[in-house]
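Here's the structure, in structure tokens; my notes come after.
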Amino acid sequence: MLMFNLLNRLKPCYLCGEFNIHNTQSLCMACWQQLKIKPRYIQKQEVSVLIAASYQFPLNRVIQKFKYNQELQYIDIFKQICSEINLSQDFQAIVPMPISTSRLHQRGYNQAHLIAKHLSQKYNIPLWTPIKRKHEHSQKGLSRVERLTHIEDQFEIAPSSPLRYRKVLIVDDVITTGSSIFALKNKLHTLGCNHVEAFCIAAA
Ligand SMILES: [Zn+2]
């Protein structure tokens, strides 16, 4: 009976499928170590960004599958990653990177929103979505300045956002050039946010 209960509680590792008696999390120890979680701050486009790891195999695959293949159980891996970071408790709100309505319909969810929601519950900080994203187009082939103007145009303040916060944290899954975080930060500034930082699972 004891053995049965134990087996019942074991979960296979999400990445390699191994059952591991010490595994109470989503990943076995070996796969977890492969993710190379090493929280650190980086500066991108004048924004201070806390990242948990580099965007490399196998974390990049985990993020891609979570984002595009409806592998929503992978949120458990991100929760485990989030438990490795130390977030300042004095953020007044957590703002997930918005995606456009058309992309939301296509995908069914916003991966950044799911990660932000977890952090919001864990730290008891309100989730705040005062900015909408109108459309998203490829940024390929644009210069830095073109890219920034182009991205700034994508964000607009939601019609009714009566709440005001000053110190907020933007949450996204991956940061590459940092242009969208920079653009969102500028929009948040117009709403009175004077201290904006970001957290991303991985930096490419
Ligand atoms: Zn494994």
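Given the criteria more than 16 Å from the ligand (Cβ to nearest atom), hydroxyl-bearing (Ser, Thr, Tyr) and at pLDDT below 90, does SER88 qualify? Judged against the criteria, SER88 is a match. Among residues of segment 84-112 that are under 21 Å from GLN73 (Cα atoms) and small (Gly, Ala, Ser), those with a Cβ under 7 angstrom from a residue that is modelled with pLDDT of 95 or more and not in a strand (DSSP E or B), sequence gap 6+ or separate chain, pair up as ALA112/MET97. Do we have any residue at all in segment 17-35 that's over 17 Å from the mean Cα position of the chain (by Cα), of a type outside the set (Gly, Ala, Ser) and closer than 28 Å to ARG103 by Cα? No: segment 17-35 contains no residue that is over 17 Å from the mean Cα position of the chain (by Cα), of a type outside the set (Gly, Ala, Ser) and closer than 28 Å to ARG103 by Cα.
Checking each residue in segment 27-60 for being within 13 Å of the ligand (Cβ to nearest atom) and in contact with a Cys (Cβ under 8 Å, 6 or more places away or on another chain) picks out LEU27, CYS28, ALA30, CYS31, PRO58. Among the residues of segment 161-175, is there at least one that is touching a helix residue (DSSP H, G or I) at 6+ places or on another chain (Cβ under 9 Å) and free of Cβ contacts under 8 Å to residues at least 12 places away in the same chain? There is no residue in segment 161-175 that is touching a helix residue (DSSP H, G or I) at 6+ places or on another chain (Cβ under 9 Å) and free of Cβ contacts under 8 Å to residues at least 12 places away in the same chain.
The lone criterion from (1) more than 21 Å from ILE170 (Cβ to Cβ); (2) in contact with a Cys (Cβ under 9 Å, 6 or more places away or on another chain); (3) buried (at least 17 other Cβ atoms within 10 Å of the Cβ); (4) modelled with pLDDT of 90 or more left unmet by CYS16 is number (3).
The values are calculated or read from the model by the stated rules, or taken from the named source; none is laboratory data. What you see is a predicted model, and the numbers here were worked out from it, not measured in a lab. Quick reminder, even Gly has a Cβ in these numbers, built from the backbone with ideal geometry, and neighbours come from all protein chains shown.
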